[in-house]
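Visitor: Dropping a structure here in structure tokens format, bear with me for questions.
The values are calculated or read from the model by the stated rules, or taken from the named source; none is laboratory data. Every value quoted in this text rests on a predicted model; they were computed, and no experiment measured them. FYI the Cβ positions are ideal-geometry reconstructions off the backbone, even for glycines, and counts take in every protein chain you see. Only protein heavy atoms, including side chains, enter the accessible area calculation; ligands, DNA and RNA are left aside. Shrake-Rupley method; radii C 1.70, N 1.55, O 1.52, S 1.80 Å.
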Amino acid sequence: MPPRILVANNALDHGRITCDAFLDVIFQSSTPPSVVLPTGNTPLPFYAELRARLRTRQAKIDFQFLQLDEYMGCAPHSETLFSKWIAREVLDPLHIADRFTFNSAADPSEEVARIRAHMASLPSIDLVVLGIGQNGHIGLLEPGTDFNCAASLVEMAESTWAANCAYWGQDIPRSAVTLGFQELRKAQHTFMLALGTSKAEALYRAFYGDVTPDCPASYLQSMDNVTIIADRDALSLFPV
Ligand code: F6R
């Protein structure tokens with residue numbers, strides 16, 4: 001099944017369109033759906049829109065949050081933790097109580113085993129929302145990762161690490177835990193979010209290139225119910 005493509009005119013519009021698509025999935029479900037959400041710059045307008053809608057809506061938005069990735073080796077209260085970031089941006093403002101988060105300070109192999117066991121206990125994931133790295137990564141699954149891998153301890157690619165350090169204005173750990181393809185393939189719906197020309201090539205390779213571990217996002221070509229939500233710059237290499 002080819003992906004659905006939703007085209008945004010600008011970042012604000014991207015936030016609105018993503019929010020509409022997100023709420024469609026949330027409200028389809030009679031019980032709180034399970035949702036994986038990314039950190040990063042791309043989803044910021046979406047999270048801002050979600051907070052704004054919540055302030056004006058009567059309906060309660062509820063879901064079970066599943067973490068996508070996390071730096072390993074940070075102190076439990078470090079402000080750079082992805083879990084803290086997503087709590088500040090989305091989960092606290094929306095009063096989402098059901099959270100499966102990763103423990104950055106835990107022993108990495110024990111933490112990976114705990115994550116794998118929890119994810120394996122879920123028959124499916126209702127919605128996985130992803131961003132894309134310029135090198136085609138999704139989550140922190142970097143180029144070269146086996147398509148059969150489960151949640152793992154990984155080393156970030158140099159470019160990913162540099163982008164993350166720039167984001168926080170300080171050095172962050174080089175190792176991280178991330179969900180693997182075994183978990184991501186449980187998604188009933190997958191959203192791929194992209195903004196800007198810097199993502200155009202990766203997005204093109206993901207959906208028009210070979211399905212290869214060299215471009216982890218190309219795995220999405222093998223999945224159903226994928227929605228690309230992107231602005232015209234990110235979609236600029238797509239055939240018209
Ligand atoms: C972050 C994550 C990453 C980002 C990607 C794009 O949790 O999973 O894969 O989605 O690096 O980051 P931005 O949106 O900052 O360009």
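Visitor: Tally time: how many residues in the range 135-155 are touching a residue at least 40 places away in the same chain (Cβ under 8 Å), out of contact with any Ser or Thr (no Cβ under 7 Å at 6 or more places or on another chain) and of a type in the set (S, T, N, Q)?
Guide: Within the range 135-155, residues that are touching a residue at least 40 places away in the same chain (Cβ under 8 Å), out of contact with any Ser or Thr (no Cβ under 7 Å at 6 or more places or on another chain) and of a type in the set (S, T, N, Q) number 1.
Visitor: When you scan the range 67-167 for strands (runs of 3 or more DSSP E) that lie fully inside it, which ones turn up with 3 or more residues that are open to solvent by less than 70 Å² (accessible area, probe 1.4 Å) and either under 25 Å from I228 (Cα atoms) or of a type in the set (D, E, K, R) (or both)? Before the answer, list the steps.
Guide: Details: elements: 69-71, 125-130, 152-155.
Hits in the range 67-167: 125-130.
Visitor: Do we find that F207 is open to solvent by less than 20 Å² (accessible area, probe 1.4 Å), in contact with a Ser or Thr (Cβ under 9 Å, 6 or more places away or on another chain) and at pLDDT 95 or above in this structure?
Guide: On the way: open to solvent by less than 20 Å² (accessible area, probe 1.4 Å): no; in contact with a Ser or Thr (Cβ under 9 Å, 6 or more places away or on another chain): yes; at pLDDT 95 or above: yes.
Judged against the criteria, F207 is not a match.
Visitor: If only one of T212, T160, T178 is of a type in the set (V, I, T) and more than 9 Å from the ligand (Cβ to nearest atom), which one is it?
Guide: Details: T160 fails: more than 9 Å from the ligand (Cβ to nearest atom); T178 fails: more than 9 Å from the ligand (Cβ to nearest atom).
None of the other options fit; the residue is T212.
Visitor: Here is a follow-up. Cβ-Cβ distance below 7 Å, separation of 6 or more or different chains: which pairs start in the range 156-169 with a residue that is farther than 18 Å from A202 by Cα and end on one that is acidic (D, E) and more than 11 Å from the ligand (Cβ to nearest atom)?
Guide: Partner pairs satisfying both residue conditions: C165/D171.
Visitor: Give all pairs with beta carbons closer than 6 Å in which a residue from the range 218-240 that is open to solvent by 30 Å² or more (accessible area, probe 1.4 Å) meets a residue that is of a type in the set (V, I, T); count only pairs at least 6 apart in sequence or on separate chains.
Guide: If the second residue must be of a type in the set (V, I, T), the pairs left are Q221/V211; D233/T197.
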